[in-house]
Amino acid sequence: MTQPKTAPNALRPSRWLTPLLVHVILGSYTLLAIAPVILVVMNSFKGSQAIFQKPYLPPIGELFDPVGYATVFKQTAILHYLGNSLLVTLGSIGLILLLGAMTAFGLTEYRFRGRGFLSLYALIGLMIPIRLATVSILKLMVALNLQDTIWSLILVYSAQGLPMAIFVLSQYMRQVPSDLKDAARLDGASEYQVFWLVVPLMRPALATLAIFVMLPIWNDLWFPLVLAPGEASRTLTLGAQQFLGQFQTDWSALLAMLTLAIAPVLVLYLIFSRQLIRGLTAGTVKG
Amino acid sequence: MKELPMLRPNKSRPRWHIAVFLAPALLLYSIVMVFPLLDTLRLSLFSSDGANFVGVSNYQRLFTDSQWWPYFWRALKNTVLFFLLHMLLQNPLGLLLAALLDSKNLRGRSIYRTLLFSPTMLSFVIVGFIWQLILSPTWGIAPAISDFLGIRYRPWLGLESTSLPTVALISIWQFVGIPMLFFMTALLAVPQDILEAARVDGASAWQLFWRVKFPLILPTVGIVSILTFIGNFNAFDLVYTAKGALAGPNFSTDLLGTFFYRTFYGFQLQLGDYAMGTTVAMVIFLIILFGSLLYLLVWQRKVVSYEL
C-alpha cells in the first residue's frame, strides 16, 4: 500500500533500520528462550568429559556418546513413569471432555428449575486455585483408599478441568441449530441419541480444549508429589524430579533424563502449537 | 429462543435424562473440588488433631506466635517481591515482544511466536534443573558467558542475597510467553482503519503505539496483571525444583506456596500440621480473593473498554 502523504518517510533510514532492529531484538530474545534447551539436549548425547570440555559443540563423531541414556534406562523405570503419565493425562482428558460435554449439553439444551444456579455453581471453580484445598483432597483420597494410585490424580485433574470445559463447550453447544436436534427427535431419537448427534459437531472445540488442558496435567508436580508419590503410580514429571535430585554428579545421566522429559512435551507442542495458541487466546480478544 | 412445545418432552413427566447428563460431572466436581474447599475452611477452625473446635485461634497463632509469624511474614514478603519482579519485568517484556511481533510485514512471525512461547510448555522440573545446571559453577556455561559480557560471575542461585531474584528471573524466562500471547491477541484486534488514520495524520510508530494501541489494549493489561498475581501467589514448583522444599539458602526463596507445603507436609523432623496447613491455605485464598476483588471493583470500573 502506498500512501502519498507518507511518501517522505521512504527516504528516512527508519524505513529499513526499524525492521532490522525488530529482527535483532526478537532474534536475540528467541535465542535466549531456546538456547538453554538446545544446550541441554545437545550435551545429553555426550560423555561427562565432553560435556565439560566442549559444551558448545554438537554431539557428532567421537563426541557422540549415549552413555547417559543407558544409565537412565538402567536406573529408573522411566517407561513405566511414561506409561503412568500417559494414562493420567489421557484418562483426565477423556473424563473432562465426556463429562464436560454432557453437562454443557444438559445445561444449554433443557430448561429446568435451578439451571441458572447450577451453571453458576460449575463456573465458580474457574476462579479458585484447587491447590489450596490440597490437605482436604489428601484426606479424601486416603479415606477413599485411592492414595498412591493414578486414579487419585485422574479424579483431581478432571474435577479441576471441568469448569473450564463446561464454560467453553456451553458456548459452542448454543450454536448448534435446534432444527437438527428437533428433526432427530421427530424421527424418534432419544435424548441420549440427540447428544451423540451433537458431539461430533463439537470436534474442533473438543480438540482445542484437549490441547489446552493437556500440558498442565502432564507437567504437574504438586499433586503427584502429594497424592501419588509411590513408585507404582509415579508420573514422568515426578520421576524426573526425583532422579534429578539424586544423580547430582552424573551429568550425562542428568542431561539425558532432562531430554527424555522434554521430548514428549516438545513433540506435542510442535504438532499442536497453532491450535494451542489459538485456544489460549480465544475469548480474550474482546477483553 | 423459540420452542416447539410438541417436541419438548412433557413437563409433568420426570425428565431423568437431564439428571443423567448433569449428575456425573457435578458429583465429581462437588466431591473432589467444592467439598475439599469447604472442608479446608472447616479444618482451619479445628485443633491439629481435628477433635476440637477452636475458632480463629489457628489464625491468631499464625499472626502472633513467634513460631509462625516471622516465617509466614518472610514468605509473604518474598512472594510480594516475586510478584513485583514479574510485574516490572515479565509483563513489560511480554508487551515489548508482542508489539514487535505486531509490526507490519514482519517476516517469520509465526516462527518467532512458536519459539518464544516454547519455554512456557516445559514443566517446572525441567526449567528448574536446566537453569540449575547452566548457572552452576561446575559446568562453566554461566562463568564463560559472564566473562564474555564483562560481568563478575557469582553462583547467583546459591547466594542468600541473589537467589530470590534469580528464581524470579527464571520464572520470567519461562512464562513471558503468556503475557506476550495475550498482548498479541489484543493488538491484533485493534482495527486497521484507526491505525491507518493515525498514520495519515503523521503519527510515528512510537506515538502510534502509546497514543492509539496502548489505550485500546489497557483491559488486557488488567487481565495479565491479575493472572500474574494469582499465579505468583500460588507459585511452588519452581522453588521446590530449583531449591528444594526448604527454599534455601536459609529460606531466602521461601514463597507462600513452599511455606504452605512445608506446613501441612512437614519437613526434616517437623511433622506436618493439617490445621495450620489449612489455615495458611485460607489466608492465601483470602489474599487472592482480595486482589481479585480489587481488580474487579477498582480496575475494571476505572478502565474504559472500547468496543472494537
task = Go through the stretch B:174-204 and give me each residue that's among the hydrophobic types (A, V, I, L, M, F, W, C), buried (at least 21 other Cβ atoms within 10 Å of the Cβ) and within 26 Å of B:Ser123 (Cα to Cα).
result = B:Phe175, B:Val176, B:Met180, B:Leu181, B:Phe182, B:Phe183, B:Met184
ask   = Which ones in the stretch A:116-128 are under 17 Å from A:Ile96 (Cα atoms) and assigned to a loop (DSSP other than H, G, I, E, B)?
value = A:Gly125, A:Leu126
ask   = Here are B:Leu269, B:Leu255, B:Leu246: which of them is in contact with a Phe, Trp or Tyr (Cβ under 9 Å, 6 or more places away or on another chain), open to solvent by 10 Å² or more (accessible area, probe 1.4 Å) and under 19 Å from B:Trp68 (Cβ atoms)?
value = B:Leu246
message = So the check is Cβ under 7 Å with 6+ separation or different chains; which pairs have a first residue in the stretch A:228-257 that's under 16 Å from B:Ser136 (Cβ atoms) and a second one that's open to solvent by 40 Å² or more (accessible area, probe 1.4 Å) and among the polar types (S, T, N, Q)?
response = A:Trp251/A:Ser48; A:Ser252/A:Ser48
message = Can you find a residue that is of a type in the set (Gly, Ala, Ser), part of a loop (DSSP other than H, G, I, E, B) and free of Cβ contacts under 8 Å to residues at least 24 places away in the same chain anywhere in the stretch B:264-276?
response = yes
message = Can you find a residue that is open to solvent by 10 Å² or more (accessible area, probe 1.4 Å), free of Cβ contacts under 8 Å to residues at least 60 places away in the same chain and touching a Leu at 6+ places or on another chain (Cβ under 7 Å) anywhere in the stretch A:70-87?
response = no
note = Of A:Ile38, A:Ile51, A:Ile34, the only residue that is of a type in the set (Val, Ile, Thr) and either touching a Cys at 6+ places or on another chain (Cβ under 8 Å) or modelled with pLDDT under 90 (or both) is A:Ile51
note = B:Ser103: passes all of (1) in a helix (DSSP H, G or I); (2) at the interface with chain A (Cβ under 7 Å from one of its Cβ atoms); (3) more than 19 Å from the chain's Cα centre (by Cα); (4) not aliphatic (A, V, I, L, M) but (1)
Extreme residue, farthest from the other protein chains (Cβ to nearest Cβ), among residues of the stretch A:207-232 that are within 29 Å of A:Leu146 (Cα to Cα) and open to solvent by 30 Å² or more (accessible area, probe 1.4 Å) = A:Ala232
request  = From the list B:Asn58, B:Asn78, pick out the single residue that is under 30 Å from A:Leu32 (Cα atoms) and either part of a helix (DSSP H, G or I) or within 9 Å of chain A (Cβ to nearest Cβ) (or both).
outcome  = B:Asn78
remark   = In the stretch A:91-115, residues that are open to solvent by 20 Å² or more (accessible area, probe 1.4 Å), under 21 Å from A:Val176 (Cβ atoms), assigned to a helix (DSSP H, G or I) and free of Cβ contacts under 8 Å to residues at least 12 places away in the same chain total 2
inquiry  = Here is a check on your reading of the model: is A:Ser170 open to solvent by 10 Å² or more (accessible area, probe 1.4 Å), small (Gly, Ala, Ser) and more than 9 Å from chain B (Cβ to nearest Cβ)?
reply    = yes
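Table: residues versus (1) assigned to a helix (DSSP H, G or I); (2) in contact (Cβ under 8 Å) with a residue 60 or more places away in the chain.
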position: A:Leu132; (1), (2): yes, no
position: A:Ser136; (1), (2): yes, no
position: A:Leu140; (1), (2): yes, no
position: A:Asn145; (1), (2): no, no
position: A:Trp151; (1), (2): yes, no
position: A:Val156; (1), (2): yes, yes
position: A:Ala159; (1), (2): yes, no
position: A:Pro163; (1), (2): yes, no
position: A:Phe167; (1), (2): yes, no
message = Give me the residue from the stretch A:154-166 that is of a type in the set (A, V, I, L, M, F, W, C) and within 11 Å of chain B (Cβ to nearest Cβ) and, out of that set, farthest from A:Asn219 (Cα to Cα).
response = A:Ile166
key: Given (1) more than 10 Å from chain A (Cβ to nearest Cβ); (2) within 30 Å of B:Leu133 (Cα to Cα); (3) not aromatic (Phe, Trp, Tyr), index of the condition B:Leu208 fails   = (2)
query = In the stretch A:212-252, what residues are among the small types (Gly, Ala, Ser) and touching a Leu at 6+ places or on another chain (Cβ under 6 Å)?
reply = A:Ala228
inquiry  = Can you tell me which of (1) surrounded by fewer than 17 Cβ atoms within 10 Å (Cβ to Cβ); (2) modelled with pLDDT under 90 is the one B:Ser136 doesn't meet?
reply    = (1)
request  = Would you mind listing the helices (runs of 4 or more DSSP H) fully within the stretch B:162-202 where at least 2 residues are in contact (Cβ under 8 Å) with a residue 12 or more places away in the chain and more than 11 Å from every other protein chain (Cβ to nearest Cβ)?
outcome  = B:163-175, B:192-200
request  = Return yes or no: is B:Leu227 under 18 Å from the mean Cα position of the chain (by Cα) and open to solvent by 10 Å² or more (accessible area, probe 1.4 Å)?
outcome  = yes
message = Can you go through B:Leu122, B:Leu89, B:Leu93, B:Leu38 and tell me which one is of a type in the set (A, V, I, L, M), open to solvent by 60 Å² or more (accessible area, probe 1.4 Å), within 13 Å of another protein chain (Cβ to nearest Cβ) and under 30 Å from A:Thr259 (Cα atoms)?
response = B:Leu89
query = Residues of the stretch B:131-163 being farther than 28 Å from B:Asn78 by Cα and among the small types (Gly, Ala, Ser), which ones?
reply = B:Gly140, B:Ala144, B:Gly150
message = Out of everything in the stretch A:174-190 that is within 11 Å of chain B (Cβ to nearest Cβ) and in contact (Cβ under 8 Å) with a residue 24 or more places away in the chain, what residue ends up being most open to solvent (accessible area, probe 1.4 Å)?
response = A:Arg174
ask   = Within the stretch B:212-233, restricting attention to residues that are out of contact with any Phe, Trp or Tyr (no Cβ under 9 Å at 6 or more places or on another chain) and without any contact (Cβ under 8 Å) to a residue 60 or more places away in the chain, which residue is nearest to B:Val80 (Cα to Cα)?
value = B:Phe214
message = Quick test for you: out of B:Phe229, B:Phe214, B:Phe236, pick the one residue that is within 17 Å of B:Phe129 (Cα to Cα) and modelled with pLDDT of 90 or more.
response = B:Phe236
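The values are calculated or read from the model by the stated rules, or taken from the named source; none is laboratory data. Keep in mind that what you see is a predicted model, and the values were worked out from it rather than measured. Note that we place each Cβ from the backbone using ideal geometry, even for glycine, and neighbour counts take in every protein chain shown. All accessible areas refer to the heavy atoms of the entire protein, side chains included, with ligands and DNA or RNA removed. Shrake-Rupley method; radii C 1.70, N 1.55, O 1.52, S 1.80 Å.
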